[in-house]
Amino acid sequence: MARLIYSAIASLDGYIADEDGNFDWAAPDEEVHAFVNDLERPVGTYLYGRRMYETMAVWETMALDDEPPVMRDFAEIWRAADKVVYSRTLAGAPTARTRIERDFDAGAVREMKARATADIGVGGAELAAQAIRAGLVDELQLFLVPVVVGGGTSAFGSAPGLRLDLLNERRFGNGTVYLRYDITPAG
């Protein structure tokens with residue numbers, strides 16, 4: 001059975017975007033980006049909310065000729081994966097290997113995990129919170145950036161309390177810290 005993994009880049013105070021919706025402070029440097037690429041390489045399917053999908057869809061059409069190798073590598077990884085976008089407003093998906101689902105269905109995701117031969121990533125705090133509440137998320141991969149933004153979009157949305165078991169950690173030259181946890185829903 002595949003693992004469902006929630007990955008997020010967050011400020012030290014736990015936000016994925018500031019109060020104005022900005023997240024430019026979260027852009028990984030080359031060292032962090034290469035590490036992220038290696039984590040994402042085994043992911044076969046991404047589950048996204050609409051806003052996260054619209055943020056990530058740039059990887060489909062971005063001109064890469066003048067971009068560094070880590071960005072070209074990530075674009076290839078992203079393009080090769082299937083995407084499921086949960087949206088009631090998108091009429092269709094402008095990217096390849098993408099399907100739209102109108103509502104998050106925990107049972108369907110549970111079946112997807114059981115059938116999948118590769119791990120599944122979930123992106124977007126609210127969608128991840130829904131999956132966490134449903135007991136579907138197995139692992140958290142958190143990148144803490146050394147910045148305090150003071151408010152904004154929480155990395156965990158409305159997720160319930162969690163028990164986390166640390167599996168791995170790494171510090172990067174730019175001060176970013178990677179933390180990998182197994183997730184056990186509270187209760």
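Leaving out ligands and nucleic acids, note down the accessible area per residue over the chain with a 1.4 angstrom probe, in whole Å².
Working: 9580 Å² over 187 residues.
Normalised by residue count, the accessible surface of the chain is 51 Å².
Anisotropy class assigned to region 10-116 is prolate, per the alpha carbon gyration tensor with a/c at or over the 1.5 cut-off and a/b larger than b/c. The loop-placed trypsin sites (Lys or Arg not before Pro) in region 84-187, going by DSSP, that have at most 11 neighbouring Cβ atoms within 10 Å of their Cβ come out as ARG88, ARG102.
Is the C-alpha gyration tensor of region 121-187 telling us rounded, prolate or oblate? Criteria: a/c under 1.5 is rounded; beyond that, a/b larger than b/c is prolate, otherwise oblate.
Working: a/c = 2.21, a/b = 1.36, b/c = 1.62.
In terms of gyration-tensor shape, oblate.
For the chain, averaging the sequence separation of C-alpha pairs within contact (under 8 Å, six or more residues apart) and dividing by the residue count gives a relative contact order of 34 percent. Solvent-free Debye calculation, one equal scatterer per alpha-carbon of region 59-129: log10 I(q)/I(0) at 0.11, 0.12 Å⁻¹ equals -0.35, -0.41.
Between rounded, prolate and oblate, where does region 23-85 land on the alpha carbon gyration tensor, with a ≥ b ≥ c its root eigenvalues, rounded for a/c under 1.5, else prolate if a/b exceeds b/c? Walk me through the numbers before you get to the answer.
On the way: a/c = 1.42, a/b = 1.31, b/c = 1.08.
The shape class here is rounded.
Ligands, DNA and RNA left out, the 1.4 Å accessible surface of the chain is 49% carbon and sulfur atoms. Note that the chain carries a Kirkwood radius of 16.9 Å, evaluated over its alpha carbons pair by pair.
Quote the charge dipole size of the chain about the Cα centre in Debye, to the nearest 20; the model charges only the Cβ of Lys and Arg (+1) and of Asp and Glu (-1). Mind showing how you got there, number by number?
Details: 19 positive and 29 negative charges, 174 e Å.
Taking the Cα centre of the chain as origin, the dipole is about 840 debye.
For region 11-55, what log10 I(q)/I(0) values come out of the Debye formula at q = 0.13 1/Å, with one point per alpha carbon and no solvent? The calculated log intensity ratios at q = 0.13 Å⁻¹ are -0.40. Between ALA155, ALA80, ALA108, the Gaussian network model of the chain with springs among Cα atoms under 10 angstrom shows the greatest mean-square fluctuation at ALA108. DSSP assigns beta bridges within the chain; of those with both partners inside it, close to 45 percent run antiparallel.
Every helix of 4 or more DSSP H residues in the chain counts as -39500 (n - 2.57), and over all residues that averages to -8000 deg cm²/dmol at 222 nm.
The values are calculated or read from the model by the stated rules, or taken from the named source; none is laboratory data. None of the values given here were measured: they were computed from a predicted structure. With ideal geometry, Cβ positions are generated from the backbone for all residues, glycine too; neighbour counts draw on all protein chains shown. Accessible surface is based on the protein model in full, side chains and every heavy atom, while ligands, DNA and RNA are left aside. Shrake-Rupley method; radii C 1.70, N 1.55, O 1.52, S 1.80 Å.
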